[in-house]
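Chemist: To start, I am sharing the structure in question, which I have written as structure tokens.
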Amino acid sequence: TYWPFATTLFGFIRRTMPMTAPGSLSDDDVYALTAYLLYENKVVAEDTVLDAKSLTAVQMPNRHGFIWIDAIWPLAVD
């Protein structure tokens with residue numbers, strides 16, 4: 001739930017899985033694994049089928065609470 005968009009999860013899985021052969025999964029395998037992980041985390045229903053269109057419609061739980069890396073943080077005061 002850290003990522004604000006499900007497409008980021010898809011991209012991460014596509015580039016890094018499986019560990020012994022990163023990037024070797026088919027798009028269908030990546031969509032299936034993404035759907036499984038989202039289902040296990042109660043983001044989508046068990047019968048959800050993901051593809052390029054439906055993936056972008058997934059509403060991640062933290063989509064409005066994400067803090068972008070380029071956010072300006074207040075300086076710590078000692």
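Chemist: Express in nm, to one decimal, how much length is gained between GLU40 and THR8 on full extension, taking 0.36 nm for each residue of separation and deducting their alpha carbon distance.
Modeler: Result: 9.8 nm gained on full extension.
Chemist: Stretch ASP29-THR48 to full length: gain in nm at 0.36 nm per residue minus the Cα-Cα span?
Modeler: The span from ASP29 to THR48 would gain 5.4 nm if fully extended.
Chemist: Please report Rg (one decimal) and Dmax (integer) in Å for the Cα set of region 1-43.
Modeler: For region 1-43, the Cα radius of gyration and maximum Cα-Cα distance read 10.2, 28 Å.
Chemist: I've got another one for you. What net charge do the residues around THR8 carry, taking every other residue with its C-beta under 12 Å from that of THR8, with Lys and Arg at +1 and Asp and Glu at -1?
Modeler: +3
Chemist: Could I ask something else about it? Could you compute the net charge surrounding THR48? Neighbours are other residues with a C-beta less than 13 Å from the C-beta of THR48; K and R count +1, D and E count -1.
Modeler: Around THR48, the charge tally is -2.
Chemist: Another question about this same structure. Run the quick spin-label model on ARG63 and ALA21: label points 7 Å from Cα toward the beta carbon, then report their separation in nm to one decimal.
Modeler: 3.5 nm
A short reminder: the numbers here are calculations on the coordinates, not readings from a lab. Keep in mind the model is a prediction, meaning the values are calculated, not measured. In this analysis, Cβ positions are derived from the backbone assuming ideal geometry, glycine residues included, and neighbour counts consider all displayed protein chains.
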